[in-house]
Amino acid sequence: MKAALLCSGLGHIHRGHEVFARDLHTLLRGRLDITLFKGGGPPAAGEVVVDALSRLSPLLADVHLPVSPRWMEAAREQERIRIEGETFAYAALKPLLEGGYDIVHCLEQEVCNVVFDNRHLFRRPPKVVFSNGGAIPAADLPRCDFVQEHTPYNQRRSDRRRAFMIPHGVDLRRFRPGLQSDFRARHGIPADAFLALSVGTICHWHKRMDHVIRELAPLADVHLAIVGQEAPDSAAIKALGRELMGDRITFTTLPHDDLPMAYAAADVFVLGSLFETFGIVYIEAMAMGLPVVCTRHENQRSIVQQGIFVDMASQGALTAALRQRDPAHLARLGARGRQIVEREFDLAGLADRYLDAYRRIAAAPSSLPGYGWKTRLRANVANGLRSVWRTGRGWVAR
């Protein structure tokens with residue numbers, strides 16, 4: 001059995017999405033013939049660097065869209081992602097055709113659509129699997145054979161005929177309590193300060209880092225560290241942080257391998273988003289023994305389980321939760337979080353589940369399009385409309 005794992009952002013984007021792709025490849029490569037297709041980074045054994053148009057390319061700096069100025073940056077980002085995904089998929093077709101893969105596991109919907117629509121090109125058509133990292137509901141799923149969901153909540157909203165559920169996992173050897181960290185010293189954060197940590201893209205529209213800043217600013221004894229990749233609105237968020245918190249706020253970007261040092265330096269983990277499809281950062285923080293403060297959405301309750309859940313849309317809710325903090329209670333939550341991750345989200349323990357799912361998927365019937373009555377009807381209707389259009393043009397010419 002051969003599998004291809006496709007992630008267009010890997011190599012130049014640093015989010016949970018790309019962490020999942022890297023971790024899954026590392027997890028399975030010793031037990032499965034699996035090739036990682038990535039959008040950037042150095043060549044490596046078992047990996048293919050695909051020459052696509054990155055969403056970060058300066059060629060896409062001036063995207064013009066007919067949307068409200070309020071949503072322009074978010075819309076531009078989505079358009080850049082679409083272009084990256086589609087150019088990545090078409091560029092990947094040649095090595096995919098050469099590889100003879102049984103399974104093509106896609107992490108972006110644009111990539112999934114292109115591969116699925118071109119499966120008729122393969123000598124032995126692969127099964128196309130989509131990892132639903134955006135909690136896309138059943139009606140809007142991309143074209144594919146199977147869908148991986150990451151939580152029971154997401155699976156209930158998915159296409160149950162095609163969906164299977166395997167959660168994200170975390171490497172418990174790298175993310176563990178008790179690590180010695182120089183993160184505070186490097187960033188000038190007092191050793192005795194209460195430090196809240198937020199990890200994610202420094203943006204307004206999803207991670208809502210501006211909300212976290214506004215909620216923590218009134219707490220004079222709280223310092224905040226925001227670690228994440230920058231976005232077009234990062235400069236405005238940084239300016240807001242300096243205005244409201246002064247030297248009590250730190251912004252930085254770290255490679256994923258260095259994230260444990262940031263978690264180890266913190267007293268609590270906070271994420272301001274209203275919803276996450278999963279949120280790998282939650283289980284990373286829990287694996288480090290950090291208490292988690294997050295949205296009270298059903299999805300996050302099922303993942304974090306033992307945390308502080310607040311209405312992130314309500315002004316003052318996060319402020320109140322951290323103003324009323326009890327150090328002993330936070331310590332208990334941190335210890336319970338580590339136990340939950342060990343029981344449910346240990347990356348090493350997920351390998352057998354993936355292998356079982358891949359075997360089942362590889363053995364399923366292929367889904368090549370066939371020529372039946374529906375195909376004939378569509379062809380006849382299309383040909384009829386084309387004839388009417390041509391006849392009409394003939395009359396106009398006369």
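For the reader, a short list of remarks on this structure follows.
- Residue match in segment 306-313 (condition: open to solvent by 30 Å² or more (accessible area, probe 1.4 Å), touching a residue at least 60 places away in the same chain (Cβ under 8 Å) and out of contact with any Cys (no Cβ under 8 Å at 6 or more places or on another chain)): no
- Residue list for segment 192-245, filter: assigned to a helix (DSSP H, G or I), of a type in the set (A, V, I, L, M) and closer than 30 Å to Ile81 by Cα: Met209, Val212, Ile213, Ala235, Ala236, Ile237, Ala239, Leu240
- Of the residues making up segment 28-38, one or more are under 30 Å from Arg360 (Cα atoms), modelled with pLDDT of 95 or more and part of a helix (DSSP H, G or I).
- Filter result for Ala21 (under 30 Å from Ala351 (Cβ atoms) and either in contact with a Cys (Cβ under 6 Å, 6 or more places away or on another chain) or open to solvent by 50 Å² or more (accessible area, probe 1.4 Å) (or both)): yes
- Members of segment 25-45 that are touching a strand residue (DSSP E or B) at 6+ places or on another chain (Cβ under 6 Å), touching a residue at least 60 places away in the same chain (Cβ under 8 Å) and within 16 Å of Pro167 (Cα to Cα): Leu28
- Verdict on Glu77 being part of a helix (DSSP H, G or I), at pLDDT 95 or above and open to solvent by 40 Å² or more (accessible area, probe 1.4 Å): no
- Considering each residue of segment 150-165 in turn, at least one proves to be assigned to a loop (DSSP other than H, G, I, E, B), surrounded by 15 or more Cβ atoms within 10 Å (Cβ to Cβ), polar (S, T, N, Q) and under 20 Å from the mean Cα position of the chain (by Cα).
- Any pair with Cβ under 8 angstrom, 6 or more apart, that starts in segment 232-245 at a residue that is under 13 Å from Thr201 (Cβ atoms) and ends at one that is of a type outside the set (A, V, I, L, M) and open to solvent by 50 Å² or more (accessible area, probe 1.4 Å): Pro232/Glu73; Pro232/Arg76; Asp233/Glu73; Asp233/His204; Asp233/Trp205; Ile237/His204
- Qualifying residue in segment 294-313 (condition: more than 28 Å from Val128 (Cα to Cα), touching a Phe, Trp or Tyr at 6+ places or on another chain (Cβ under 7 Å) and in a strand (DSSP E or B)): yes
- Taken together, Val111, Val67, Val49, Val129 contain a single residue that is among the β-branched types (Val, Ile, Thr) and in contact with a His (Cβ under 8 Å, 6 or more places away or on another chain), which is Val129.
- Residue in segment 206-216 that is open to solvent by 10 Å² or more (accessible area, probe 1.4 Å), at negative phi and within 17 Å of the chain's Cα centre (by Cα) present: yes
- Members of segment 346-360 found to be under 15 Å from Phe164 (Cβ atoms) and either open to solvent by 80 Å² or more (accessible area, probe 1.4 Å) or not hydroxyl-bearing (Ser, Thr, Tyr) (or both), listed by number: Leu350, Asp352, Arg353, Leu355, Asp356, Ala357, Arg359, Arg360
- Residue within segment 94-103 that is in a loop (DSSP other than H, G, I, E, B) and either among the polar types (S, T, N, Q) or within 29 Å of Pro260 (Cβ to Cβ) (or both) present: no
- Any hit, segment 320-328, residues being outside any helix (DSSP H, G or I), open to solvent by less than 30 Å² (accessible area, probe 1.4 Å) and modelled with pLDDT of 95 or more: no
- Filter pass, Ser68 being among the small types (Gly, Ala, Ser), open to solvent by 40 Å² or more (accessible area, probe 1.4 Å) and either touching a helix residue (DSSP H, G or I) at 6+ places or on another chain (Cβ under 7 Å) or under 18 Å from His206 (Cα atoms) (or both): yes
- Selected residue [in contact (Cβ under 8 Å) with a residue 60 or more places away in the chain, open to solvent by less than 40 Å² (accessible area, probe 1.4 Å) and not charged (D, E, K, R)] from Thr253, Thr201: Thr201
- Number of the exception - Pro58 against (1) in contact (Cβ under 8 Å) with a residue 60 or more places away in the chain; (2) open to solvent by 50 Å² or more (accessible area, probe 1.4 Å): (1)
- Criterion violated by Val129 - all others in (1) within 18 Å of the chain's Cα centre (by Cα); (2) hydrophobic (A, V, I, L, M, F, W, C); (3) more than 25 Å from Asn154 (Cβ to Cβ) satisfied: (3)
- In summary, Gly9 fulfils each of the numbered conditions (1) in a loop (DSSP other than H, G, I, E, B); (2) open to solvent by 30 Å² or more (accessible area, probe 1.4 Å) with the single exception of condition (2).
The values are calculated or read from the model by the stated rules, or taken from the named source; none is laboratory data. Since the model is a prediction, treat every value here as computed from it, not as a measurement. Please note: Cβ atoms are built from the backbone with ideal geometry, for glycine as well, and neighbour counts cover all protein chains shown. Only protein heavy atoms, including side chains, enter the accessible area calculation; ligands, DNA and RNA are left aside. Shrake-Rupley method; radii C 1.70, N 1.55, O 1.52, S 1.80 Å.
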